[in-house]
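Shown next, in structure tokens, is the structure this report addresses.
The values are calculated or read from the model by the stated rules, or taken from the named source; none is laboratory data. Just so we're clear, the structure is a prediction, and the values are computed from it rather than from any experiment. Note that each Cβ is placed from the backbone with ideal geometry, even for glycine, and that neighbours are counted across all protein chains shown.
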């Protein structure tokens, strides 16, 4: 396990994600903060095998003070890597607009997911199609400040 250093976080392997994350971070959270109109945050998370820290840009919803992420991978039949890493290492570092803080990730139960799912589809309507596209139950993750 490596200690967290925001300056040593590895960018996403996806070019457009890495570029948006760089713009978001370099602007101090005032630019590149949405994706197709949906609000985005930056999440730094630890790799389950490498122990290295990685950065991703993710659409989020809200549930009270908590942030919600949908591990959709566009409706693919397997979970996104970031989600598998959160299961192994639930402590993450977030930038939401101009604020940076540490949070703890937890996968919602099916009952909790059912309660917040309509809000998440309202935030980003393609989520409904992504769930129809796959037999996998797409996880929803709650991020709570620590």
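Below are the figures for this structure:
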item: Residues of region 75-118 that turn out to be touching a strand residue (DSSP E or B) at 6+ places or on another chain (Cβ under 9 Å) and at negative phi, as a count; result: 30
item: Residue satisfying all of: in region 1-28; closer than 23 Å to residue 145 by Cβ and surrounded by 16 or more Cβ atoms within 10 Å (Cβ to Cβ); nearest to the chain's Cα centre (by Cα) among these; result: 21
item: Which listed residue is at pLDDT 95 or above and in contact with a helix residue (DSSP H, G or I) (Cβ under 9 Å, 6 or more places away or on another chain), from 36, 62; result: 62
item: Filter pass, residue 31 being outside any strand (DSSP E or B), touching a helix residue (DSSP H, G or I) at 6+ places or on another chain (Cβ under 8 Å) and either in contact (Cβ under 8 Å) with a residue 24 or more places away in the chain or exposed (fewer than 13 other Cβ atoms within 10 Å of the Cβ) (or both); result: yes
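Listed here are the residues, each with its yes/no results for (1) within 21 Å of residue 34 (Cβ to Cβ); (2) free of Cβ contacts under 8 Å to residues at least 60 places away in the same chain; (3) surrounded by fewer than 16 Cβ atoms within 10 Å (Cβ to Cβ).
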{"position": "93", "(1), (2), (3)": "yes, no, no"}
{"position": "97", "(1), (2), (3)": "yes, no, yes"}
{"position": "104", "(1), (2), (3)": "no, yes, yes"}
{"position": "109", "(1), (2), (3)": "no, yes, yes"}
{"position": "112", "(1), (2), (3)": "no, yes, yes"}
{"position": "116", "(1), (2), (3)": "yes, yes, no"}
{"position": "129", "(1), (2), (3)": "yes, yes, yes"}
{"position": "137", "(1), (2), (3)": "no, yes, yes"}
{"position": "140", "(1), (2), (3)": "yes, no, no"}
